[in-house]
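Below: one structure, written as structure tokens.
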Amino acid sequence: MAKPQSRKPSNARRHGKPAPKPKGRDILWGWHAVAMALQNEKRRITGLLCTSRNEEELGQRLDALTDSRRGEIPEPKIVEKDTLDTLAGLDAVHQGIAAEVLPLPDVAIEDILEDVGEQCLLVLLDQVTDPHNVGAILRSASAFGARAVIAPDRNAAPTTGVLAKSASGALDAIDLVHITNLSRTMEQLRDAGFWCIGLDGETDGTLDRADLKGRIAIVMGAEGSGLRRLTREKCDLLARLPTSGPVATLNVSAATAVALYEYARQNQE
């Protein structure tokens, strides 16, 4: 499955602003999520809580930070496990550590397009709302070198502790860009030389036959309903994973990981 004819990249800034993030504070929990937040200079941390058994390890992680970053972080507060259970939820695996944080600064799609190279990978989410799935997608996107994950601000998963825990630190390692209109954003990407490839289990061509070199945006639909009609029409190509057998479908986070692996495989040859 080959790309359509070559498209000249455009570096012009386009219309649209990042969607405003909800005000207030979030709670992150678990070592991976908190450790990445500590290292992320864009992340403002307003409180640190840990159990007494984790005080030494947290102190070591704080000592490993630069002096300027360490000076921005409040001293940890030692609390009982029950306190963290209440903050994170009884079913949350908080590992005895939590951070109170402000939302990350907004990132606009124009900011992403200003510094992309000839080879660049983006992940677009079409109404993927489960925070566990979005967190897992962020983790896979970071692991396979994607530049950003892009999602509409409406019908999107909130960037809460559940998402951050599922992302295992990737929320602070890769940009999660919220946009107002996915169709318009796909037009911006096309103008910037990206090929938008939508995963669709009903199409004939498989992803391994698609040319994934260059500037690629992988477009993933919501679990169950898949890509919306307008999103499908805006894609340059539709492709499916070469699955078979009695259970031939994957959930959206697993399917995204497979698609990103295929991108990485083709670009390492």
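The values are calculated or read from the model by the stated rules, or taken from the named source; none is laboratory data. Computed from a predicted structure; not experimentally measured. A quick note on method: Cβ atoms are made from the backbone with ideal geometry, for glycine too, and the neighbour counts reach across all protein chains shown. Accessible surface areas use protein heavy atoms only, side chains included; no ligands, DNA or RNA. Shrake-Rupley method; radii C 1.70, N 1.55, O 1.52, S 1.80 Å.
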Q: Out of the residues in the range 82-109 that are at pLDDT 90 or above, part of a loop (DSSP other than H, G, I, E, B) and among the small types (Gly, Ala, Ser), state the one that is farthest from Glu41 (Cα to Cα).
A: Gly96
Q) Which is open to solvent by less than 10 Å² (accessible area, probe 1.4 Å), assigned to a helix (DSSP H, G or I), among the small types (Gly, Ala, Ser) and modelled with pLDDT of 95 or more, of Ala259, Ala239? A) Ala259
Q. Name the pairs: first residue in the range 115-127 and touching a residue at least 12 places away in the same chain (Cβ under 8 Å) and part of a strand (DSSP E or B), second residue among the hydroxyl-bearing types (Ser, Thr, Tyr) and crowded, with 21+ Cβ neighbours inside 10 Å, Cβ to Cβ under 7 Å, at least 6 apart or on different chains?
A. Leu121/Tyr263; Val123/Thr256; Asp126/Thr231
Q. Which residues, taken from the range 159-195, are under 27 Å from Ala210 (Cβ atoms) and of a type in the set (S, T, N, Q)?
A. Asn181, Ser183, Thr185, Gln188
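Condition check ((1) at pLDDT 95 or above; (2) among the hydroxyl-bearing types (Ser, Thr, Tyr); (3) open to solvent by less than 30 Å² (accessible area, probe 1.4 Å)) across all residues:
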| residue | (1), (2), (3) |
| --- | --- |
| Arg184 | yes, no, no |
| Ala192 | yes, no, yes |
| Arg209 | no, no, no |
| Gly224 | no, no, no |
Q. Of all residues in the range 52-103, how many are in contact (Cβ under 8 Å) with a residue 40 or more places away in the chain, aliphatic (A, V, I, L, M), farther than 16 Å from Gln39 by Cβ and in contact with a Cys (Cβ under 7 Å, 6 or more places away or on another chain)?
A. 0
**Q.** Residue, nearest to Arg70 (Cα to Cα), within the range 23-55, restricted to residues that are open to solvent by less than 30 Å² (accessible area, probe 1.4 Å) and β-branched (Val, Ile, Thr)
**A.** Ile45
(Q) Give all pairs with beta carbons closer than 8 Å in which a residue from the range 159-183 that is part of a strand (DSSP E or B) meets a residue that is surrounded by 22 or more Cβ atoms within 10 Å (Cβ to Cβ) and hydroxyl-bearing (Ser, Thr, Tyr); count only pairs at least 6 apart in sequence or on separate chains. (A) Leu176/Thr159; Ile179/Thr185
(Q) Would you confirm, using the coordinates I've provided, whether Asn251 is within 28 Å of Pro131 (Cβ to Cβ) and either of a type in the set (A, V, I, L, M) or in contact (Cβ under 8 Å) with a residue 12 or more places away in the chain (or both)? (A) yes
